[in-house]
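The structure appears right after this line, and notes come after that.
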Amino acid sequence: MSYQQALTAIYPELSEPQQSVLSALLYAPQCSSSSGQLSRLLGMAVVQVNSALGRVGRRLFEVTKTHPENLPEGAFEWWHMLATGEPTKELGFVWKLRPEAISALQAAGCSQSGMASAQEISDTQLIEGAVRRVTVNAYERNPVARKRCIAAHGANCVICGFNFEATYGAAAAGYIHVHHVTPLAEINRSYEVNPVTDLVPLCPNCHAVVHLTNPPQTIEQVKNMLVRA
């Protein structure tokens, strides 16, 4: 199986955070970005960004059994299956998607899902899930809805109560994941999202546990898991 065929084949199997990182890189200027930039753009921790690229790269190698530059296993990092990179003084380490990865992600229907910077708008309607038809349906997220969810619910995880600022200080103030109570892919259409009822703030740990199953577990189910722990 060729590199492009492999990445196109595994793309639908990737987790939402993994697809988001790849999408952010694909739509970044010159398909290049640092982990810090991706972290701020996606509302993810830097370690999650790095992990997403590494896990996808490893999966890609498992399918293709070869590296784009024919390097042997152990002579490269897993993320090197997807991108090249170099350290910079201004941004730290910066990745650049490989040309093979760019064409494969485009063929897989990788969408610019909420990559635009959040802009304050006066409209009361917030539209989620606008379909971009490429080769598969991908669903776009509204970044303003995320901000309004946090404004309504606060930055504490609704499952465990974790707060990044309380643990890490002012540098992490306001940081939290936002979870769609009903996954966009299940809705299968564009709809008006209510940031108060349709979205909830979750810490990365609880968010990961919610998505351990398909369909995702409910907020109450994961709360009950904490009670039993």
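The values are calculated or read from the model by the stated rules, or taken from the named source; none is laboratory data. Small disclaimer: the values here were computed from a predicted structure and weren't measured. All Cβ positions, glycine included, derive from the backbone under ideal geometry; neighbour counts span all protein chains shown.
Pairs linking a residue in the range 82-110 that is at negative phi and modelled with pLDDT of 85 or more to a residue that is assigned to a helix (DSSP H, G or I) and β-branched (V, I, T), with Cβ atoms under 7 Å and 6 or more positions apart or on different chains, are L82/V56; A104/T8. Going by the structure shown, is Q4 closer than 28 Å to R146 by Cα and modelled with pLDDT under 90? Answer is no for this residue. Inside the range 37-71, residues that are crowded, with 20+ Cβ neighbours inside 10 Å and aliphatic (A, V, I, L, M) make up a count of 9. V21 meets each of the listed conditions (1) within 22 Å of F76 (Cα to Cα); (2) surrounded by 18 or more Cβ atoms within 10 Å (Cβ to Cβ); (3) touching a strand residue (DSSP E or B) at 6+ places or on another chain (Cβ under 8 Å) apart from (3). Residues satisfying the criterion are absent from the range 43-52 (criterion: free of Cβ contacts under 8 Å to residues at least 24 places away in the same chain, more than 24 Å from A208 (Cβ to Cβ) and of a type in the set (A, V, I, L, M)).
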